[in-house]
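K.L.:
To start, I am sharing the structure in question, which I have written as structure tokens.
The values are calculated or read from the model by the stated rules, or taken from the named source; none is laboratory data. Bear in mind the structure is a predicted one, so any value in this text is a computation, not a measurement. Every residue, glycine among them, receives a Cβ derived from its backbone with ideal geometry; neighbour counts consider all protein chains shown. When the accessible area is computed, the model is the full protein with side chains, heavy atoms only, and any ligands, DNA or RNA have been set aside. Shrake-Rupley method; radii C 1.70, N 1.55, O 1.52, S 1.80 Å.
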Amino acid sequence: MIAYTLRRLLQAVPTLFLVITLSFFLMRLAPGGPFDLERPLPPAAMENLRRVYGLDQPLPVQFARYLAALATGDLGPSFSFRDLSVADLFARGLPVSMTLGALALALALGLGIGLGVLAASRRGGLIDRLVGVLASVSLSVPNFVVAPLLQIAFGLSLRWLPLSGWEGGAPAHLILPVITLALPQVGAIARLTRTAMAEALGAPHIRTLRAMGVPPLIVARHALRGALLPVVAILGPLAAALLTGSVVVETIFGLPGIGRYFVDGALNRDYTLVMGTVVLVAVLVLLLNLAGDLLSAVLDPRLRLGA
Amino acid sequence: MSRIAPAALPRRAAPGRLAIGRLAFRRLARNRGALAALFVLVAVALACLVGPFLTGHAPERAYPDLRQLPPGFAAEPGPERLGPALARLAFRMRARVEGYAVEDGRLRLTLAAERPIATRSLVYLPRSDLFGEPHVVERAPDGTRLVIAVPIRRLHFLLGTDVHGRDLLTRSLVAGRVSLLIGLVATAVALLVGVAYGAVSGFLGGRTDAVMMRLVDILYALPFVFFVMVLVVFFRASLALILVAIGAVEWLDMARIVRAQTLALRRRDFVRAAEALGLSTLAILRRHIVPNTLGPITVAATLLVPRVILLESFLSFLGLGVQEPQTSWGVLIAEGARAIESAPGMLAGPACFLVATLMALNILGDGLADALDPRGAA
């Protein structure tokens, strides 16, 4: 297991390198720079700025420098937020995004698996039909439609919850963003769990357990172990979807998270900030992919042979 | 399903494939949900193509007096909007409104001023788009007081108007053209790349396949949406770039599906026979492999269109996609979300169009998958 983990981590290195290379050169080949202002700077000042940030060097040299700095964990200074490094910005934004993401992940998994199991245990029942509707709705109603609807309902009409803002992570400010972020995934997870659970309940070992008169709750526990496999397998894509969704959610609800920094950074041609975000997101997605595969191996002994 | 090389057998085998298509179509026709979805799609597409000419408003036409109207059937300008609009117009004519009354669609307006009012300045009334041609009923001898009769125009804004007073129905329909176009073209790009890549990978097999699929795995693990965003922002969002960027990202699923199909077909006798007969790889791919994967490809493509439209709206929502003066559903929804406190109705139209289209495409895709599944009851 440890050897497998190490090998997978090693395999992730070329992927990361590809991400970094691609985004680095894509950004630099694009016209425009971080110091293009409405009123152009005097040439001497521009020259100075470029020298300070190392932008006067040839591209390959800059790339090598960036990689060298990255290897020591230095993400570089931000171009658009003066006097702040990318690491500083992440230190501010990451707690916000992580709180949001973790809560949404927990809600999506808890609610999704719960609904899926209930739907599978009473096929054709009310919850089953609800899961079907929820799954197709979540595919077709994007989060940037859900969010304003929630704002209208709970913020403007009922006035139960604040429209936007962070306020140091006060629970009332978290509810709508987390629901918006989790809702599309709840449908997908519920459908996945329902299908897998239905299959697992029909499996021979479950039938045997039933025939032996094992209590239903214990039978369900055994079935769930198999039913969780497909859910665990999509952990990586799920994380990617949550990260993408957080960009929208942070924009709509005005939350100071990584997603907002990314959009602002991209619009301001803040090379290091965008690079930093892309690297961070890539690392997160790769790690969660790995976590998903490891959990699959824990749940299904057959997968361990290949590991 | 299998088509036999014309060199090997007479063309008698051809109807077999036709029958599959007809069977699938019959199954689809019996699926009421899928039919309804198809109907919705055709209706939306037709409305977007023809509708903007029928709404009576040009998409860029702004009515400054009718900003952020809520959706509704009432004719505008309604009684509550008449007063402010008249006051604004009278100010332009260097006069003030002394009084007005409405009787069956005609307005009787009394204007007064310190100095004589030029009749010429009455053109402001029809020019505002709210009123028809005015004519003077009564004129004080010194010209400082005018009584005018003018027909009130009846404008309809079924989905309301935006922050500039533009008709949202017209704009939603024009936006739909962009969204649908991007959906179709980007899907076509993804389709071409994915099918070619998957078919070659699956057919060549062995080490080539392993390398090609490893690349797909790597690309799969990337946070692609972030890439598209970088691309679109740094190279100035243009329609062509958005098309290419989305298409270039979404071909991965297609490649996997086609590869799996190709691997299965590869071992079938008719492919082997074609090989034994000495057909070139390219010819086999074109004649035998790709036509036989058409079913799953159709399904995947149908389900890809909503994903592409969603991605485009997502980019446009963040202000990174389609730019003014062009518009798309994502742009309109973003405008609605921004004006949510002053005009919650602005969101309704574009959001309904987007959601209805996405839902119809998803339902149709699922219906196609069922219809093309040979295991389904005929």
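K.L.:
Only Lys, Arg, Asp and Glu count, each charged at its Cβ (+1, +1, -1, -1), so figure out the dipole size of segment B:77-151 about its Cα centre, rounded to 20 debye. Please report the intermediate quantities before stating the final value.
P.N.:
Details: 12 positive and 9 negative charges, 67 e Å.
That gives a dipole near 320 debye.
K.L.:
Same structure again: Just checking the output field for A:130-143: average partner chain Cβ neighbours within 10 Å of each residue's Cβ?
P.N.:
Mean inter-chain Cβ contacts per residue within 10 Å come to 4.
K.L.:
Follow-up question, since we're still on this one. In percent, how large is the relative contact order of chain B, given Cα pairs closer than 8 Å and 6 or more residues apart? If you can, show how the numbers build up before the last one.
P.N.:
Details: 569 pairs, mean separation 83.7, N = 378.
Once divided by the residue count of chain B, the mean separation gives 22 percent.
K.L.:
Work out the length of the dipole vector of the protein assembly as shown about its Cα centre, built from +1 on the beta-carbon of each Lys and Arg and -1 on the beta-carbon of each Asp and Glu, and round it to the nearest 20 debye.
P.N.:
2340 debye
K.L.:
Report, in degrees rounded to the nearest 10, the 0 to 90 angle that the Cα long axis of helix A:258-267 makes with the longest principal axis of chain A.
P.N.:
The angle comes out at about 40 degrees.
K.L.:
Mind ordering A:279-285, A:10-16 by average Cβ neighbours within 10 Å, highest first?
P.N.:
Going by the mean number of other Cβ atoms within 10 Å, highest first, we get A:279-285, A:10-16.
K.L.:
Now a separate question. Which ³J(HN,Hα) values in Hz, rounded to whole numbers, follow from the phi angles of segment B:99-106 under the Karplus curve 6.51 cos²θ - 1.76 cosθ + 1.60, where θ = phi - 60° and Gly and Pro get x?
P.N.:
Each residue's phi maps through the Karplus curve to give x, 8, 9, 10, 9, 4, x, 10 Hz.
K.L.:
Where Lys and Arg each count +1 and Asp and Glu each count -1, what net charge lies around residue B:159 among other residues with Cβ under 9 Å from its Cβ?
P.N.:
Net charge in that neighbourhood comes out at 0.
K.L.:
Taking the Cα centroid of segment A:76-151 and of segment A:238-281, what is the distance between the two, rounded to the nearest whole Å?
P.N.:
15 Å
K.L.:
Using mean Cβ contacts within 10 Å as the protection proxy, how do A:238-250, A:119-131 order, highest first?
P.N.:
A:238-250, A:119-131
K.L.:
What average count of beta carbons from other chains do you get within 10 Å of the Cβ of residues in A:204-217?
P.N.:
0
K.L.:
Of all alpha-carbon pairs in the protein assembly as shown, indicate the percentage at a distance above 46 angstrom.
P.N.:
Everything past 46 Å amounts to 32 percent.
K.L.:
Further, regarding this structure: Hey, can you grab everything whose amide H is under 5 Å from the amide H of residue B:137? Only 5+ residues off in sequence or another chain; H modelled, so Pro and N-termini drop out.
P.N.:
Under 5 Å from the amide H of residue B:137 lie the amide H atoms of B:147, B:148, B:149, each far enough along the sequence or on another chain.
K.L.:
Ok, one more. Show me the ranking of peptides A:263-269, B:83-89, A:45-51, A:213-219 by mean Cβ neighbours inside 10 Å, starting with the highest.
P.N.:
Ranked by mean Cβ neighbours within 10 Å, highest first: A:263-269, B:83-89, A:45-51, A:213-219.
K.L.:
Angle between the Cα long axis of helix B:79-92 and the longest principal axis of chain B, 0 to 90 degrees, nearest 10?
P.N.:
70 degrees
K.L.:
Lys and Arg at +1, Asp and Glu at -1: add these up for the other residues within a Cβ distance under 13 Å of residue B:122 and post the number.
P.N.:
Overall, the nearby charge balance is +4.
K.L.:
Tally Lys and Arg at +1 and Asp and Glu at -1 over the other residues with C-beta under 13 Å from the C-beta of residue A:112: what net charge comes out? Walk me through the numbers on the way to the answer.
P.N.:
Working: positive: A:191, A:194; negative: none.
That works out to +2.
K.L.:
In addition: Round to the nearest 10 and give me the degree value, 0 to 90, for the angle of helix B:14-30's Cα axis relative to the longest principal axis of chain B.
P.N.:
40 degrees
K.L.:
Determine, from the Cβ-Cβ distance of residue A:65 and residue B:283 and an R0 of 51 Å, the FRET efficiency 1/(1 + (r/R0)^6), rounded to the nearest 0.05.
P.N.:
Working: r = 51 Å, r/R0 = 1.01.
The computed FRET efficiency comes out at 0.50.
K.L.:
Scan around residue A:75 for amide H atoms under 5 Å from its own, H built in the peptide plane at 1.01 Å from N, and keep only partners 5 or more places away or cross-chain.
P.N.:
Answer set, sorted by chain and number: A:87.
K.L.:
Please report the buried accessible area for the interface of B with A, total over both chains, probe 1.4 Å, in Å² to the nearest 100.
P.N.:
Counting both chains, the buried surface is close to 3500 Å².
K.L.:
Give me, ordered by chain and number, the residues 5 or more places off residue B:155 or on other chains with an amide H under 5 Å from its own placed amide H.
P.N.:
B:76
K.L.:
Which of B:47, B:210, B:337 moves most in a GNM of chain B, Cα contacts under 10 Å?
P.N.:
The residue with the greatest mean-square fluctuation here is B:210.
K.L.:
While we're here: Under 10 Å, Cα contacts only: if you run a Gaussian network model on chain B, which one of B:133, B:60, B:103 comes out with the highest mean-square fluctuation?
P.N.:
B:103
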